[in-house]
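> Before I ask anything, here is the structure I am working with.
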Amino acid sequence: MRLPPASLLPALLPLLTPWGEAVRRWLFDPVAGGEWWRAFTASWVHADWRHAALNSASLLLLAGLGGRRAAWPLCALALLLPWLIALQQLALPEPQPFLGASGVVYGWWAAVAWLKRRETAGHWLAAALLLRLAWQGLWPNLGPGGEPVLWSAHVGGALLAPLLLAGLSRARRAAPAASPRSSARS
């Protein structure tokens, strides 16, 4: 499994950003008004080095499973999903602070399954993802500090990623139809 270079930076980002006590200024907190950057940075900072290493290892595995074809879509998701997961959290009746790349991990998992949907591997990845989300929904986990794992961020990443990829794919197919060359012929 050879990792595409484009996916390496997002996959290693959890190891390159703060963790532990340093994350207080970076995590997403709905009551921290005006600090818009937290909507992005919260997905990349972690509670401790083990949390960061596990999320980074998961992203590296998914980047490898996705291969070269998935490299740029995964990079686009690394930029877009943190914002959307934070917005999704704000839309919940009781928004909670969060940190960690697991929402992005679940998004990448769903994205690789979606990109490989015509292959057996895509079906297995989708089935494993659905089983994992069901397991977490029925038996919630606790994080390393005893805080609840934000299942809604995992579900949000898993639902948003294929929707984003489908939208990007549709926009890319529509772009040649709207190019100046095709308009000049009309």
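> Determine, yes or no, whether SER56 is modelled with pLDDT of 90 or more, surrounded by 14 or more Cβ atoms within 10 Å (Cβ to Cβ), hydroxyl-bearing (Ser, Thr, Tyr) and outside any loop (DSSP other than H, G, I, E, B). Even if it seems obvious, please write down each step before you answer.
Details: modelled with pLDDT of 90 or more: yes; surrounded by 14 or more Cβ atoms within 10 Å (Cβ to Cβ): yes; hydroxyl-bearing (Ser, Thr, Tyr): yes; outside any loop (DSSP other than H, G, I, E, B): yes.
Considered against the rule, which asks whether it is modelled with pLDDT of 90 or more, surrounded by 14 or more Cβ atoms within 10 Å (Cβ to Cβ), hydroxyl-bearing (Ser, Thr, Tyr) and outside any loop (DSSP other than H, G, I, E, B), SER56 comes out as yes.
> For segment 17-52, name all the residues that are of a type in the set (A, V, I, L, M), assigned to a helix (DSSP H, G or I) and open to solvent by less than 40 Å² (accessible area, probe 1.4 Å). So that I can check it myself, show each step before the final result.
Keep residues of segment 17-52 that are of a type in the set (A, V, I, L, M), which gives 22-23, 27, 31-32, 39, 42, 45, 47, 52.
From what's left, assigned to a helix (DSSP H, G or I): 22-23, 39, 52.
Within segment 17-52, VAL23, ALA39, ALA52 qualify.
> Within the set of pairs 6 or more residues apart or between chains, which connect a residue that is farther than 22 Å from PRO18 by Cα and open to solvent by less than 70 Å² (accessible area, probe 1.4 Å) inside segment 72-101 to a residue that is part of a loop (DSSP other than H, G, I, E, B) and modelled with pLDDT of 90 or more with Cβ atoms less than 8 Å apart?
Partner pairs satisfying both residue conditions: none exist.
> Which of the residues belonging to segment 1-14 are surrounded by fewer than 17 Cβ atoms within 10 Å (Cβ to Cβ) and modelled with pLDDT of 85 or more?
Scanning segment 1-14 gives a single hit, LEU12.
> Let me ask something else about it. With respect to the numbered conditions (1) open to solvent by 30 Å² or more (accessible area, probe 1.4 Å); (2) closer than 20 Å to GLY137 by Cα, which one is the sole condition not fulfilled by VAL105?
(1)
> Another one. Among the candidates LEU115, LEU81, LEU54, single out the residue that is within 11 Å of the chain's Cα centre (by Cα) and closer than 20 Å to VAL155 by Cβ. Let's see the steps before the verdict.
Working: LEU115 fails: within 11 Å of the chain's Cα centre (by Cα); LEU54 fails: within 11 Å of the chain's Cα centre (by Cα).
None of the other options fit; the residue is LEU81.
> Hey, could you check segment 72-128 for residues that are at pLDDT below 95 and among the polar types (S, T, N, Q) and say which is farthest from PRO148 (Cα to Cα)?
Looking at the filtered set, the residue picked out is GLN88.
> When segment 109-126 is examined, which residues are found to be farther than 13 Å from ARG69 by Cα and in a helix (DSSP H, G or I)?
Correct list: TRP109, ALA110, THR120, ALA121, GLY122, HIS123, TRP124, LEU125, ALA126.
> Quick check on segment 16-42: of everything there that is touching a His at 6+ places or on another chain (Cβ under 9 Å) and under 17 Å from VAL105 (Cβ atoms), which residue is modelled with the lowest pLDDT? If you could, list the steps in order and put the result at the bottom.
Step one: list which residues in segment 16-42 are touching a His at 6+ places or on another chain (Cβ under 9 Å), which gives 17-20, 23.
Narrowing further to those that are under 17 Å from VAL105 (Cβ atoms): 17, 19.
On the way: THR17: 85, TRP19: 78.
The selected residue is TRP19.
> Every residue in segment 136-172 that is in a helix (DSSP H, G or I) and surrounded by fewer than 12 Cβ atoms within 10 Å (Cβ to Cβ), please.
To start, the set of residues in segment 136-172 that are in a helix (DSSP H, G or I) comprises 136-138, 151-172.
Within segment 136-172, LEU138, ALA166, GLY167, ARG170, ALA171, ARG172 qualify.
The values are calculated or read from the model by the stated rules, or taken from the named source; none is laboratory data. Keep in mind that this is a model prediction, so the values were computed, not measured. Quick reminder, even Gly has a Cβ in these numbers, built from the backbone with ideal geometry, and neighbours come from all protein chains shown. Heads up: the accessible areas ignore ligands, DNA and RNA and are worked out on the full protein's heavy atoms, side chains in. Shrake-Rupley method; radii C 1.70, N 1.55, O 1.52, S 1.80 Å.
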